Amino acid sequence: MDFAHQLVQQLINGVSLGSIYALIALGYTMIYGIIKLINFAHGDVYMVGAYIGFAAITIGHLSIFPALLLSMAITAVLGMLVERIAYKPLRHAPRISLLITAIGVSFFLEYTSMYFVTPTPRTFPEVMPNISFNLGGFIINGQQLLILSITIVLMAILTYIVQKTKLGKAMRAASFDTETAQLMGVDSDKVISMTFCIGSALAAAAGVLVGVYYNTIDPLMGIMPGLKAFVAAVLGGIGILPGAVVGGIVLGVVEALVAGFLSSTFRDAAAFAILILVLLIKPGGLFGKNTNEKV
Amino acid sequence: MFFSKKKFRLASMIACGILASALFTGCGGGDSAGGGEQKAAGDEIVIGANFELTGNHAQYGANANNGLKLAVKEINDAGGVNGKKIKIVEADSKSEAAESVNAATKLISDDKVVALVGPAVTANVIAESQVATDNMIPIIAPAATNPDVTVENGKVKPYVFRACFIDPQQSEVMAQFARKDLMANTAVLYLDSSSDYSKSLGKIFKERFEADGGTVVMEEAFLAKDQDFKAALTKIQTANADVIFVPAYYEEVGKIIKQARELGITAAILGTDGWDDSKVIDIAGKDALNNTFFCTHYFEGDAEVQPFIKAYKAEYNTDPNVFAALGYDAGKMLVNAIDKAGNDSKKIRDNIEAITDLQVGTGKITMDPSTHNPIKGIVVIETKDGVRELRTKIAPISPEAQERNEAEQ
């Protein structure tokens, strides 16, 4: 295999890995966009979503798409509950309290799940045919194409909701200034609740798809993807939906190239070096504008 | 409105507190309920189970713990030892070395255990071994295969034992197998750089494989809990080696094999006892596992292993994996030692050291007093169309031969 061939294969690997980061990063960035909370529990919501999908398929004998929708619905309710119980009482507290609470929620979800489902990884039954395409020597996986297209479709739908609908308008208003929005008749609490609902549903979709693609789920599966999705969201400009997708894909490609041409040991170091570099050079991210926060 | 918010905050904090405490008592299981009591003299013998019940290694610790519980349940159902029941007090090492020391200290000083079993992972056993040695409480580590677990500065730790073979044996068996059975000239190492287990196995494999005339042409690494291995595998593919050695745990191994085959890598993939879980077949798929080989502690088709597998299935309604089997073996060894010693930790230690031809779950074992490693065979298993077949069985090495080996090194 020559250099060019390996390069193209690594790009394919990178885009497919990146599309998963992008899918998780969408929910991350959306929640940040509205209440400026880095929701560290997002990766764990993703894990819960994967388990609900798993239960729907193995116990409920559903096929993949009904299971996906069911998981998104239940996880959306979970997301709203988390917001209601853990974050809402802290609405006027300093942002650091919210952040610490988010870490607490993250541990709570991880270890409550571990208690109920045991730490042993579960394997998804084969619910989708796993076809690999061989295009002139390059291997592309069918499920990965599906994940990439679902990511792009969800990004488009979300952008539409945020930019064109009344709910989106309320979201943007609440994001800009919660209290003023409230004075203008926007029910901020409801808007924030809806944001968590949508963000968590996205995480659940990611969880089920990743579970099906990689074949295993376990209660701590959300930690690393959660961190990587955070990097992706910051890279693309946190709070910006297309930024999350581009950030995720760029991150995946960088990881694949580092692993392929430097050393696989440096892969994660490269991912987090990107985070540091972005924060140093362009804190707003690739798609962000450099604006000073109003005091 | 502000009032209600404040109240709500308080209420939710209390609710969280209640939930959390419920969770923690739940984790400890019923066994710890009586943990604070003094050892009831006469009718009970208390042993400690220090395992990774939460954290990154929880799946290994929990399985080993299940194996131990089964061994103890069997003896209690059969009337106990000399009319006394054995009681297990569990403690959680949280998959961290420091917590393992805390858990061992708690078990020894608060619960007054006469012996400890666990943890599952090498680093956590090494951490607790000092506490146990200071208090003269014997430990049996079910699955810690690193040589340093029982030996320190060339001297055997008097109170630390294990129920499994050691890493150098595994790597040597697989390196020789690659050279002689598979006629491999080149190998790639693909190691879990977050695990000492994986790194030490890789190092010894390389030494042995190259001493036998082969060449290790590439070394790559991944991290535990990784999901996607395709980037490194694409690079490994360019090396075009005869075999790929992946000494790691089954969850990652299953995904590595699946993704390697998807990329069109057809080379033989070799591994060690971390592979030994039937989940590998679910994760990787039957076809991907053809042309893969690993060494482990027992072959599930062996007649002498059947009683254990049957008992485990009846108790937990699932197939045992290697951690469960070794946890069970450790339990059997300890029960056997207690049988003749009662509550006396010193005598229990002596009895473990003197174990000879004891029938445990995975076969017959004899303890080597000079290293505290059991003398036990190794099996090499090949997976064909999703079915495991015994490829070769390497007989136990006698202590004399082992000494000779060590002298050569």
To the nearest 0.05, what FRET efficiency results for residue B:364 and residue A:276 with a Förster distance of 60 Å applied to their C-beta separation? 0.60
FRET efficiency for residue A:189 and residue A:65, using Cβ-Cβ distance with R0 set to 30 Å, rounded to 0.05: 0.40
For residue B:373, which sequence-distant residues (separation of 5 or more, or a different chain) have an amide H within less than 5 Å of its own amide H, given hydrogens modelled in the peptide plane? B:368
If you average over every viewing direction, what projected area does the convex hull of the Cα atoms of the protein assembly as shown give, in nm²? 32.5 nm²
Shielding of B:179-187 by partner chains, average beta-carbon count, 10 Å: 0
Chain B: angle of helix B:399-408 to the longest principal axis, Cα-based, in degrees nearest 10: 60 degrees
16 Å Cα-Cα reach of residue A:88 towards lysines, excluding residues that sit fewer than 8 places from it in its own chain: A:36, A:190, B:5, B:6, B:7
Under the 7 Å Cα-to-Cβ spin-label approximation, residue B:278 and residue A:180 lie apart by a distance in nanometres of 6.4 nm
Projected area averaged over orientations for the stretch A:168-284, convex hull of C-alpha atoms, nm²: 9.1 nm²
Residue by residue, what Karplus-based ³J(HN,Hα) values in Hz, rounded to whole numbers, does the stretch A:267-282 have, using 6.51, -1.76 and 1.60 with θ = phi - 60° and x for Gly and Pro? 4, 6, 4, 4, 4, 7, 4, 4, 4, 5, 4, 4, 5, 6, 8, 9
The alpha-carbon center of the stretch A:201-250 and that of the stretch A:150-170 are separated, in whole Å, by 18 Å
Note the full-extension length gain between residue B:82 and residue B:199 as 0.36 nm times their separation in residues minus their Cα-Cα distance, in nm to one decimal. 37.6 nm
Taking R0 as 45 Å, what's the FRET efficiency between residue B:319 and residue A:160 from their Cβ-Cβ distance, rounded to 0.05? 0.40
Any chance you could give the angle, 0 to 90 degrees and rounded to 10, that helix A:166-176 forms with the longest Cα principal axis of chain A? 80 degrees
Under Karplus coefficients 6.51, -1.76 and 1.60, residue-wise ³J(HN,Hα) of the stretch B:380-396 in Hz, glycine/proline x: 9, 10, 10, 9, 10, 6, x, 10, 7, 10, 6, 8, 9, 10, 9, 5, x
Phi to ³J(HN,Hα) by Karplus 6.51 cos²θ - 1.76 cosθ + 1.60 over the stretch A:6-22, Hz, x for Gly, Pro: 5, 4, 5, 4, 5, 5, 4, 4, x, 5, 5, 5, x, 5, 6, 4, 4
Below 8 Å between Cα atoms, with a sequence gap of 6+, how large is the relative contact order for chain A in percent? 36 percent
Pull up all non-local amide H partners of residue A:132: gap of 5 or more, or a different chain, and H-to-H distance under 5 Å with H placed in the peptide plane. A:142
Can you list the residues, at least 5 places off or on another chain, whose amide H is less than 5 Å from the amide H of residue B:151, using H built in the peptide plane? B:157
Tell me, what is the percent relative contact order of chain B, built from C-alpha pairs under 8 Å that lie six or more residues apart? 15 percent
Proxy exposure order for B:109, B:345 (fewest C-beta within 10 Å first) is B:109, B:345
Output the pairs from B:69/B:332; B:199/B:286; B:112/B:313 with a Cα-Cα distance over 20 Å in this structure; if there are none, say none. B:199/B:286; B:112/B:313
Long-range alpha-carbon pairs in the stretch A:225-292, meaning those over 17 Å apart, account in percent for 37 percent
For residue A:95 and residue A:150 in one chain, what is 0.36 nm times their gap in residues minus the Cα-Cα distance, to one decimal in nm? 16.5 nm
Kirkwood calc, the stretch B:151-306, C-alpha pairs only, radius in angstrom 16.1 Å
Most exposed first, judged by fewest Cβ atoms within 10 angstrom, B:218, B:333 run B:218, B:333
So for B:305, B:117, fewest C-beta neighbours within 10 Å to most, what's the order? B:305, B:117
If the label point sits 7 Å along Cα→Cβ of residue A:11, residues of the stretch A:247-291 with amide N under 19 Å come out as A:247-262
Under 16 Å from the Cα of residue B:393 - lysines, other chains or at least 8 residues apart: B:180, B:364, B:376
Working from Cα positions, state the angle (0 to 90°, nearest 10) between the long axis of helix B:230-239 and the longest principal axis of chain B. 40 degrees
Can you show me the helix-derived [θ] at 222 nm for chain B, built from DSSP H runs with n ≥ 4 at -39,500 (n - 2.57) apiece and divided by the number of residues, rounded to the nearest 500. -14000 deg cm²/dmol
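The numbers here are math on the coordinates, done by the rules we state, and not lab data. What you are looking at is a predicted structure, and each value in this text was computed from that prediction instead of being measured. Don't worry about glycine lacking a Cβ; one is built from the backbone with ideal geometry, like all the others, and counts go over all protein chains shown.
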